[in-house]
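**Q** Sharing a structure with you now.
The values are calculated or read from the model by the stated rules, or taken from the named source; none is laboratory data. All values derive from a computational prediction rather than experimental measurement. All Cβ positions, even for glycine, are placed from backbone atoms using ideal geometry, and neighbour counts span all protein chains on display. The area values use the complete protein model at the heavy-atom level, side chains included, leaving out ligands, DNA and RNA. Shrake-Rupley method; radii C 1.70, N 1.55, O 1.52, S 1.80 Å.
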Amino acid sequence: LLLYQDRVKQAEWELKRAIRYDPNYPAAYLVLADVLTYQPSLEKQREAIAMAEKALLLFTGVSQKRPSVATASKRSISQVVFGGARYTDDKVLAEAHHLMGKTRTRLVEYHFEALSDQAKDGYLDAARGNLTEAMRFASKGGDKRRQALVLETSANNYFLKGDMASAIKDAREALKVSEQFPDMKGFPDPYLTLARAYESSQDFAKAADHL
């Protein structure tokens, strides 16, 4: 909630306090990764990746223990775990892998000019593996909302890699999938990726259409 109220620093503090209280609290690591990835400093971006990795490791451990679980409707991990609800392994792992891909992709987006080509490729290629896994788990769990979010991150990842055709394809698919959710109407990020990808492809008319 604090993140969506743009109280990022307070959200970071609260989550780190929760982790100090329970170092094996996977949802806290995951939400903290999301909080940190919206902060522009390279240090915070790297910390976001580390927190996402920790969350994925813990959630994978929980999944392998095969706990008794039930369907978690369409809520995110943060809503499910903090709210005390039960959840399916597939939806949990889809969100965890997505955050891994998102944090790595956003680090490159924020620090594109400062990173070497080798570093950028390393982050983006690792993110691609996470996004592939995220889509696999989201598809298996029937989580269309997560699929739309993964496609949006995938489109941005392709854009940063210079693959404009794939960026356009995934951004358009993200918009198509998101249309079934009223609260995702006008999903802005795919439009931005489309505008940038069309502009990079010298198709300025289509770029203007998506601004």
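**Q** Could you check, for segment 99-107, whether at least one of its residues is more than 16 Å from the chain's Cα centre (by Cα) and either at pLDDT 95 or above or in a loop (DSSP other than H, G, I, E, B) (or both)?
**A** To start, the set of residues in segment 99-107 that are more than 16 Å from the chain's Cα centre (by Cα) comprises none.
There is no residue in segment 99-107 that is more than 16 Å from the chain's Cα centre (by Cα) and either at pLDDT 95 or above or in a loop (DSSP other than H, G, I, E, B) (or both).
**Q** Something else now. How many residues are surrounded by 14 or more Cβ atoms within 10 Å (Cβ to Cβ) and either farther than 25 Å from residue 186 by Cα or of a type outside the set (Lys, Arg) (or both) when one looks only at segment 137-147? Don't jump to the end; show me each part of the working.
**A** Kept after step one, since they are surrounded by 14 or more Cβ atoms within 10 Å (Cβ to Cβ), are these residues of segment 137-147: 137-141, 143-147.
Subset that is either farther than 25 Å from residue 186 by Cα or of a type outside the set (Lys, Arg) (or both): 137-141, 143, 147.
Residues that pass the stated criteria total 7.
**Q** Right, something else. Are there helices (runs of 4 or more DSSP H) fully within segment 114-196 with at least 3 residues that are within 21 Å of residue 92 (Cβ to Cβ)? List them.
**A** Working: elements: 117-140, 144-161, 164-178.
Once the helices (runs of 4 or more DSSP H) in segment 114-196 are filtered for at least 3 residues that are within 21 Å of residue 92 (Cβ to Cβ), what remains is 117-140, 144-161.
**Q** Report the residue count in segment 1-60 for those that are among the basic types (Lys, Arg) and within 17 Å of residue 108 (Cα to Cα). Show your work before the answer.
**A** Just the residues of segment 1-60 that are among the basic types (Lys, Arg), to begin with: 7, 9, 16-17, 20, 44, 46, 54.
Next, from what is left, pick out any that are within 17 Å of residue 108 (Cα to Cα): 44, 46.
Summing the residues that are among the basic types (Lys, Arg) and within 17 Å of residue 108 (Cα to Cα) in segment 1-60 gives 2.
**Q** In this structure, does residue 189 turn out to be open to solvent by 50 Å² or more (accessible area, probe 1.4 Å), under 15 Å from the mean Cα position of the chain (by Cα) and not small (Gly, Ala, Ser)? Walk me through it before giving the result.
**A** Numbers: open to solvent by 50 Å² or more (accessible area, probe 1.4 Å): yes; under 15 Å from the mean Cα position of the chain (by Cα): yes; not small (Gly, Ala, Ser): yes.
Answer is yes for this residue.
**Q** Right, next: Considering only segment 175-186, I want to know if a residue exists there that is farther than 17 Å from residue 101 by Cα, of a type in the set (S, T, N, Q) and crowded, with 20+ Cβ neighbours inside 10 Å. It would help to see each step written out before you state the result.
**A** Pass one, segment 175-186, residues farther than 17 Å from residue 101 by Cα: 175-186.
Still in the list and also of a type in the set (S, T, N, Q): 178, 180.
Keeping just the survivors that are crowded, with 20+ Cβ neighbours inside 10 Å gives 178.
Yes, the conditions are met somewhere in segment 175-186.
**Q** Please enumerate the residues belonging to segment 23-49 that are without any contact (Cβ under 8 Å) to a residue 12 or more places away in the chain and outside any loop (DSSP other than H, G, I, E, B).
**A** Answer for segment 23-49, where residues must be without any contact (Cβ under 8 Å) to a residue 12 or more places away in the chain and outside any loop (DSSP other than H, G, I, E, B): 43, 44, 47.
**Q** Quickly run through segment 23-56 and pick out the residues that are surrounded by fewer than 14 Cβ atoms within 10 Å (Cβ to Cβ), under 29 Å from residue 141 (Cα atoms) and in contact with a helix residue (DSSP H, G or I) (Cβ under 8 Å, 6 or more places away or on another chain).
**A** If the condition is that a residue be surrounded by fewer than 14 Cβ atoms within 10 Å (Cβ to Cβ), under 29 Å from residue 141 (Cα atoms) and in contact with a helix residue (DSSP H, G or I) (Cβ under 8 Å, 6 or more places away or on another chain), then 24 is the only one that fits.
**Q** Identify, please: which residue in segment 1-22 is in a loop (DSSP other than H, G, I, E, B) and out of contact with any helix residue (DSSP H, G or I) (no Cβ under 6 Å at 6 or more places or on another chain) and is, among those, modelled with the highest pLDDT?
**A** Filtering segment 1-22 for residues in a loop (DSSP other than H, G, I, E, B) gives 1-7, 22.
Subset that is out of contact with any helix residue (DSSP H, G or I) (no Cβ under 6 Å at 6 or more places or on another chain): 1, 4-7, 22.
Working: 1: 43, 4: 46, 5: 45, 6: 59, 7: 71, 22: 93.
Top of the filtered list is 22.
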